[in-house]
Every structure is written in C-alpha cells, then in structure tokens.
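Peer 1: The structure's right below; bear with me while I get my questions together.
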Amino acid sequence: MLEIGGDGRTWLLSGPTSSYALSLTEDDSLLHLHWGPRIELADAEELAGRPLPPYRGFESQLDGQEEYPVEGGPRFVRPALSVRTDEVRGTEWAFHAYEVEDDELRLRFTDHGLGITLHYRMRHDVVERWVTLANEGPVVEVLRADSATWTLPLREDWRLSLLHGRWAAESRLVRTDLTYGEKVIGSRRGHTGHQHLPWVALDTEGATEERGEVYGCALGWSGSWRICVAQLPDARVQITGGAGYDDSGLLRLATGESYTTPVFAGLWSDGGHGGASRAWHAYQREYVIPDADRDRPVLYNSWEATEFDISEDQQRELARRAAAMGVELFVVDDGWFGKRTSDRAGLGDWTPNPDRFPAGLKPLADDVHALGMQFGIWVEPEMVNPDSDLYRAHPDWVQFQPGRKRTELRNQLVLNLARGDVQEYLWEKLDDLLSSAPVDYVKWDFNRAFTDAGWPGEPYPQKLWVEHVHAFYKLLDRLRAAHPGVAFESCSGGGGRIDLGVMARTDQVWTSDNTDPLDRLAIQHGFSQIHPARVMAAWVTDSPNTQLNGRVSSLRLRFVSAMAGVLGVGGDLTTWSEEELAEAREWVGLYKEIRPVVQRGDLYRLRPPAGGLSAVQYVLGDEVVVLAWLQAQHYGEPAAPLRLRGLDSAESYECRETGEVHRGAVLLHHGLPTGLRGDFDATVIRLRRI
Ligand code: GLA
C-alpha cells in the first residue's frame, strides 16, 4: 500500500506489518523518515516536519538522513551515486516529478540532462529499491551507482549478522557487535562469490531467534558487488549496496543511454531472526523464485562418484539403480561433451563427446525417461578451456588484456559475454542442445573468478563486469522462454552464485560442494537465514566422505541432513550394498511425504548446529516436520526435548512416528523428546494437528 502526503512530497509504503516513509525538503533533499512497524500517514508527516540538525563547520546536516546520498555538496558519508562528466564531478539534482504505477513509486530527479529515478516497491514486508540513470546530456562516467542506502532508526548496541565462507564452506553465520566506522563485504571476482552471500542483518535491543527487531538487506546481483554497513559519528547506521566492488568506473553513458541498478531489498521484522527469515522465504516463494509452488524432484548426480570418468553404459547403470531408489531426476554432470575427459579440455564445445555418447544424449535421455525419471545435464557456458575447438577458433573471445598473460584457473578462461558474437554463439549452442535431446534440467556452473577482465578494442572495457552479468541473465531468460519445461540450477563450484538476481531465473541452487552431513548443517543454517529450503539442493554422498574429510557417517545422518532442503543423492550407487539401497529407498520415500512441508512450509530453527543437538522444524497448514541431529552425546545425558514453535497451544498434535498425541502447549513449553543418543544420530518426526 502506498500513501502520499497532501503536499505530494511525503510517501508512505506499508506492508502487512511494516512501513517505510520518505519525504522531500523544500530544496529537494530526499530524506528518510521511517522504516519499522506500521505507521499512519500523519505519523510520517510529523516526522517530515522535524527540523534537521544544524550545519556546523565540520558536520553535515544531511549525513545519515538521506535516502540516496549523492557525491558532492555538504556530505561526507559514502556516496551511493558518484558520476562525472568532462566538466564536473558529483551530482546536484532537482526534483522533477513522482509517478505511481501499480505498486511501484518512482521519484524522478535531474541534473544537467542526467535523469536519476529512485524506485520503491513494497512486497509483503520487503521493500525493493533500485535506481535508473537515463542520460540525455553530455557523456557521463558512472563511477558508482548503488541500488539504495538504507537508514536504521537511532538505537543503541546494533549487532551485525553476515554469511561468510569460501569454497566448500559457504554461508556460515557470524554475528558481532557493530562499532563505529564501516564494515564492507562484497566480491571483486565477477560472480557473487563463496566469500559472502550478499545479505546482512542488523538487530538491536537483545533480539533473539524468535523475538525482537531485525533489519535485513539482500542484493539481487550475480557479479561483483559491495555492501557497506556504516555506523556514523552520530551513531546512526546506514547500509549502502550495489553492483561493482569499488568506485573506479562502472560504465559510461553516452547521450540517450541508460542503466538500471539491481534490486537491493530490505526487510524489517519484529519476529527476531527466525521471523525475518520466514518473511524473506515467503517473499522469495511468492515474488522471486519461478514456479515456487511446484515442488522440486529428488535428483541423482554421479559427480562425486565418477568425476570425469563417465560413459553412457555406466550412466545407464547408475540411472537404473537411482530409479529403483525412487529418484525422480537423473543428472549427467561434467564430462559428457567435447574432449572433456579431465578439467584440462573441452569447455566451450557443447556437443556430446562422440566416444562417450556416439549417438548423442538422446538415447540415454530416452532410457532415463523410460525409467520414469527426468533427465538433466551439466553445463558451464561462460567458460572455455584453451584446449578446445572454440578457443582455437576464437582466441579473442575471452577476457584478456593485450600483452598480458591470460591467467588460467582450473585450466580455463572466462568468455567475454559482453560481446554480441559470444552471446549469439552460446544461445545457438545451448538452444541446439536443449532441442537435440529431451532435457528437463540444466545445472549451470561457473568455476572460476575473473582475473584479466580486459576487452581489447573496446573504448570502455570496465563495462564488461556489468555487461557479463546482464548477458548471463539475458541468456538464461531467453533459454527459459524458449524451453519452458526446463528447470535450471545455479552452481558456481557449489554456492558461488547465490543471490536474489540468479534466484529469479533459476529453480534451485547448488548450496555447496561440501556434502559432508555435519558441515552441511552449519552451511544450511546460514543459507536459511535468507533463502528457503525450496531452492537449497543437498545430496547424500558416500561414507567415508570422498571429497573433503573421509568422515564416516550413517546413511541416516546423511539423509536427514540432506532432507532439510531439496534432496539429492550423489554417491556411487554401484558400491552401495543391497541393504543400503533398500534403506535409501525408504528415506527417499519418507522425503517425498514430507517434501511439501519442507519445501513450502514455514521454517523454525529450533537449535543451531553447535556440536550437540540441533534441529529445524517446518510447518505447513496442519502438518509439522521436525528434523533433528545429535552430533555427540556427553556424560550419558539425554538430548533435551525440542521446544517446538509455530503451533497452536490449544490444539493437539499426533506424532506419526509413535502414534502419541501431544498438546500444543506441552510441545511449545516443555518440548518433544527425540530419543536421539550416541554420536551422529538423526531423526525425522512428523506431527499432524488433529
Ligand atoms: C563444480 C560443481 C560440482 C561439479 C564440478 C564439475 O565444482 O560445483 O558439483 O559439477 O564443477 O566439474
């Protein structure tokens, strides 16, 4: 809902529980008024009438007050917008007009021919913000154009939550006190990166998992990015974020050209971190993730089992075993195309390897379909191995700088997707591929960062960083439109490309190359802060763990860990015993039963993974699912009963496992015993309101 003050210079956006308000001063400064619980227009107008602090020789009246601080004038905070022409640097805008279209508010400003439009849209309790620049004046160099600056109310003792990591260790939650100065996270790698998910949360006044005020901000951008959390000298907190890591030049806009920033979304919740996560999940399921009401199938992928050593017969045999286990989607990972028998060759040549698939992928795809499963493949379109037909034909299609070395990581180079000819090549190859065999699913990988992002011959090569991401999005959008039955997974060596931008055009994401069931609990705990289980792919792989640590763990632990997201199986099924295959079949069957609740329900993190007992709970209508894990039992003490959440205290719930009936109030206040004991134990408990 959007309300506008009588003078046409105050705006109030409201969602079910929260409001966001802003206003223009007489001299066209755009001030932030409110972000928090729902307020009325009269409240916003009172705030708009409050005088600004006075100017002093060393302090700005505007710092910490503005919606979108531009560079220039009496401002010393980090500018969200930094531009220059041949003559001047910075911005002095004049308000032009506001527009409302559907649920979107647009505030238009101009500065010597440069149109600057701030966009606002409230969806549930999430405020989406972005900016467009449209140049009708002389050439403008855009050094930085952030999507938004968020301003928090004056409170004491803010805490900052971040998700940090690296390859095979993504999205680990850290929570620290915020202090004066700036905390900057981001990626200067050309992709979202494993190092941080583009999300921060700030809480105050002792907020907990289920209580208190939490502010969250998440960026929808799959290239380099930066989020800066600043506590200003007057204790006010601002969060500024957008595409690009630094301010050295994002793009150049000639007369008639325009640029739209990615969306930076913000959320206020007074339901603690759990409430904030549930609100983010609901928002993504309704507005971001395609077809989110369609549950994702159980998949099988042999990457960990076979790596590059694949053949049609071997895949067929694995498919037979996977189908017998109840798997619904069989995926051929790396190694099916070109000369791709190792990571040294083949990327770029997107036709089936004739030695491995003499008649193409169709015969295998048909067999997989005949087994009652969907068929999927792996691709990594943005990359090329120097040892490939594509690179031999077009060595100038990669990112490089003349006279400098072309840095190979994982023996591959990055294609310059900003080039129209590269875009067209990839479109044709991928469109052909999806037309040549009945493919239902594509795992789209991105296995190295940018290092030599040059573009010889292009007068403004910096634009490559932004245009690569736009080309990637355009390619995905075009493929989705042409092949509407095909689902896509975003992968980047695990979770290196997870953000709201890629989420809007893929059906699920590969959370991490780390499939160890214990490490995964922490990775999944962090992931769940922002993204829902519906997109969080998780595989059961072999024990001992082959990829990382040799850890031995039961099938039970591996399954219950992976059942917290979109279940997959990634072990070498040819080495699993008949008993293991039979047990796996039971787990897959159980997962299918609980899947709607896991993938579409509300998530409650009952206990974080911290070495002992941890658990999550999902609620959908009358159905409740609890997944619990006990890493290690000590001193013979029984695992504590799990106090459930989100139940009706006056209702009764029947446990599907034991047949026992529990009162909601008892489950909420005294808890549900799990019976977990020993080390690495795990359980699934289903309850139904009766
Ligand atoms: C990346 C992915 C893996 C696998 C390999 C294939 O590392 O994260 O799951 O697909 O590439 O090369």
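The values are calculated or read from the model by the stated rules, or taken from the named source; none is laboratory data. None of these values were measured; they are calculated from a predicted model. All Cβ positions, glycine included, derive from the backbone under ideal geometry; neighbour counts span all protein chains shown.
Peer 1: So, in segment 499-518, how many residues would count as being more than 14 Å from E304 (Cβ to Cβ), within 16 Å of the ligand (Cβ to nearest atom), of a type outside the set (A, V, I, L, M) and outside any loop (DSSP other than H, G, I, E, B)?
Peer 2: Going through segment 499-518 one residue at a time, the tally reaches 1.
Peer 1: Oh, and also: Failed condition for V384, given (1) more than 16 Å from the ligand (Cβ to nearest atom); (2) crowded, with 22+ Cβ neighbours inside 10 Å; (3) not basic (K, R), with all others met?
Peer 2: Among (1) more than 16 Å from the ligand (Cβ to nearest atom); (2) crowded, with 22+ Cβ neighbours inside 10 Å; (3) not basic (K, R), the lone unmet condition for V384 is (1).
Peer 1: I'd like the residue in segment 471-498 that is aromatic (F, W, Y) and closer than 19 Å to S187 by Cα and, out of all such residues, is farthest from the ligand (Cβ to nearest atom). First the steps, then the outcome.
Peer 2: Residues of segment 471-498 that are aromatic (F, W, Y), as a first pass: 472-473, 488.
Keeping just the survivors that are closer than 19 Å to S187 by Cα gives 472-473.
On the way: F472: 17, Y473: 20 Å.
The selected residue is Y473.
Peer 1: Only one residue in K429, K443, K405 is touching a residue at least 12 places away in the same chain (Cβ under 8 Å) and farther than 27 Å from V331 by Cα. Which one?
Peer 2: Unique residue meeting the criteria: K405.
Peer 1: Which of (1) touching a residue at least 40 places away in the same chain (Cβ under 8 Å); (2) under 21 Å from A235 (Cβ atoms) does L31 not meet, given it meets every other one?
Peer 2: All conditions are met except number (1).
Peer 1: Among the listed residues Y215, Y259, which satisfies the condition of being within 18 Å of S19 (Cα to Cα), of a type outside the set (S, T, N, Q) and outside any loop (DSSP other than H, G, I, E, B)? Don't jump to the end; show me each part of the working.
Peer 2: On the way: Y259 fails: within 18 Å of S19 (Cα to Cα).
Sole residue among the options that is within 18 Å of S19 (Cα to Cα), of a type outside the set (S, T, N, Q) and outside any loop (DSSP other than H, G, I, E, B): Y215.
Peer 1: Would you check which residues across segment 135-154 are within 29 Å of the chain's Cα centre (by Cα) and part of a strand (DSSP E or B) and list them?
Peer 2: Answer for segment 135-154, where residues must be within 29 Å of the chain's Cα centre (by Cα) and part of a strand (DSSP E or B): V142, L143, R144, A145, A148, T149, W150, T151.
Peer 1: Show the residue pairs meeting these rules: Cβ distance below 9 Å; 6+ apart or different chains; first residue within segment 485-498 and closer than 20 Å to A169 by Cβ and in a loop (DSSP other than H, G, I, E, B); second residue more than 10 Å from the ligand (Cβ to nearest atom) and among the acidic types (D, E).
Peer 2: Close Cβ pairs (under 9 Å, with a partner that is more than 10 Å from the ligand (Cβ to nearest atom) and among the acidic types (D, E)) amount to G494/E170; G496/E170; I498/E170.
Peer 1: Would you point out which residue out of D102, D86 is on the phi > 0 side of the Ramachandran plot, modelled with pLDDT under 95 and more than 26 Å from the chain's Cα centre (by Cα)?
Peer 2: Numbers: D86 fails: on the phi > 0 side of the Ramachandran plot.
Every option except D102 fails the conditions.
Peer 1: Within segment 323-340, can you find the residues that are more than 14 Å from the ligand (Cβ to nearest atom) and either more than 25 Å from G589 (Cβ to Cβ) or assigned to a helix (DSSP H, G or I) (or both)?
Peer 2: Result: A323, A324, M325, K339.
Peer 1: Take G501 and tell me if it is of a type in the set (G, A, S) and either crowded, with 24+ Cβ neighbours inside 10 Å or under 11 Å from the mean Cα position of the chain (by Cα) (or both).
Peer 2: When the stated conditions are applied, G501 passes them.
Peer 1: If G193 satisfies all but one of (1) farther than 24 Å from W510 by Cα; (2) small (G, A, S); (3) surrounded by 23 or more Cβ atoms within 10 Å (Cβ to Cβ), what's the number of the condition it fails?
Peer 2: The failed condition is (1).
Peer 1: Can you tell me how many residues in segment 346-379 are crowded, with 18+ Cβ neighbours inside 10 Å and either over 20 Å from S435 (Cα atoms) or within 12 Å of the ligand (Cβ to nearest atom) (or both)?
Peer 2: Residues flagged as crowded, with 18+ Cβ neighbours inside 10 Å and either over 20 Å from S435 (Cα atoms) or within 12 Å of the ligand (Cβ to nearest atom) (or both) within segment 346-379 amount to 6.
Peer 1: Also, I was wondering about something else. For R320, are the conditions met, namely being surrounded by fewer than 23 Cβ atoms within 10 Å (Cβ to Cβ), away from the ligand (no atom under 14 Å from the Cβ) and of a type in the set (D, E, K, R)?
Peer 2: So R320 fits the description; yes.
Peer 1: Same structure again: Answer yes or no as to whether W378 is within 21 Å of H191 (Cβ to Cβ) and assigned to a strand (DSSP E or B).
Peer 2: For W378, the condition - within 21 Å of H191 (Cβ to Cβ) and assigned to a strand (DSSP E or B) - is met.
Peer 1: Condition first: under 12 Å from the mean Cα position of the chain (by Cα) and closer than 19 Å to L162 by Cα. Now tell me which residues in segment 504-532 satisfy that.
Peer 2: Matches in segment 504-532: T511, G526, F527, S528, Q529, I530, H531, P532.
Peer 1: Could I ask something else about it? State all residues of segment 1-40 that are closer than 28 Å to S60 by Cβ, in contact with a helix residue (DSSP H, G or I) (Cβ under 7 Å, 6 or more places away or on another chain) and assigned to a strand (DSSP E or B); if no residue qualifies, say none.
Peer 2: Passing the criteria: T10, L12, A21, S23, L33, H34.
Peer 1: Under the condition of being within 16 Å of the ligand (Cβ to nearest atom) and part of a helix (DSSP H, G or I), which residue from segment 281-313 is nearest to V331 (Cα to Cα)?
Peer 2: Once the filter is applied, the top-ranked residue is W303.
Peer 1: What pairs can you find where one residue is in segment 553-581 and within 16 Å of F330 (Cα to Cα), the other is among the acidic types (D, E), and their Cβ atoms are less than 8 Å apart, with a gap of 6+ or different chains?
Peer 2: So the pair list comes out as G570/E304; G571/E304; G571/D542; D572/E304; D572/D542; T574/E317.
Peer 1: A further question on this structure: Tell me, please, whether a residue that is within 16 Å of the ligand (Cβ to nearest atom) and out of contact with any helix residue (DSSP H, G or I) (no Cβ under 9 Å at 6 or more places or on another chain) can be found in segment 391-403.
Peer 2: no
Peer 1: Something else about it: Can you name every residue in segment 64-96 that is of a type in the set (D, E) and either surrounded by 21 or more Cβ atoms within 10 Å (Cβ to Cβ) or in contact with a Ser or Thr (Cβ under 8 Å, 6 or more places away or on another chain) (or both)? Can you show your working first?
Peer 2: Step one: list which residues in segment 64-96 are of a type in the set (D, E), which gives 66-67, 71, 86-87, 92.
E66, E67, E71 - these are the residues of segment 64-96 that are of a type in the set (D, E) and either surrounded by 21 or more Cβ atoms within 10 Å (Cβ to Cβ) or in contact with a Ser or Thr (Cβ under 8 Å, 6 or more places away or on another chain) (or both).
Peer 1: Of the conditions (1) under 30 Å from E141 (Cα atoms); (2) surrounded by fewer than 18 Cβ atoms within 10 Å (Cβ to Cβ), V263 fails just one. Which one is it?
Peer 2: With (1) under 30 Å from E141 (Cα atoms); (2) surrounded by fewer than 18 Cβ atoms within 10 Å (Cβ to Cβ) applied to V263, the lone miss is (2).
Peer 1: Okay, moving on. Confirm whether L154 is in contact (Cβ under 8 Å) with a residue 60 or more places away in the chain, out of contact with any His (no Cβ under 7 Å at 6 or more places or on another chain) and either more than 21 Å from S269 (Cα to Cα) or surrounded by 20 or more Cβ atoms within 10 Å (Cβ to Cβ) (or both). Break it down stepwise before answering.
Peer 2: Details: in contact (Cβ under 8 Å) with a residue 60 or more places away in the chain: yes; out of contact with any His (no Cβ under 7 Å at 6 or more places or on another chain): yes; either more than 21 Å from S269 (Cα to Cα) or surrounded by 20 or more Cβ atoms within 10 Å (Cβ to Cβ) (or both): no.
In short, no.
Peer 1: Then there is this: Could you list, in sequence order, all residues of segment 105-134 that are in a strand (DSSP E or B), of a type in the set (D, E) and within 28 Å of the chain's Cα centre (by Cα)?
Peer 2: Residue satisfying the conditions is E128 alone.
Peer 1: Just a yes or no: is a residue in segment 407-428 surrounded by fewer than 23 Cβ atoms within 10 Å (Cβ to Cβ), away from the ligand (no atom under 16 Å from the Cβ) and within 22 Å of E312 (Cα to Cα)?
Peer 2: no
Peer 1: If you don't mind, there's one more thing I want to ask. Test D102 against the stated conditions and say whether it is touching a residue at least 40 places away in the same chain (Cβ under 8 Å), acidic (D, E), more than 23 Å from Y215 (Cα to Cα) and surrounded by fewer than 14 Cβ atoms within 10 Å (Cβ to Cβ).
Peer 2: No, not satisfied.
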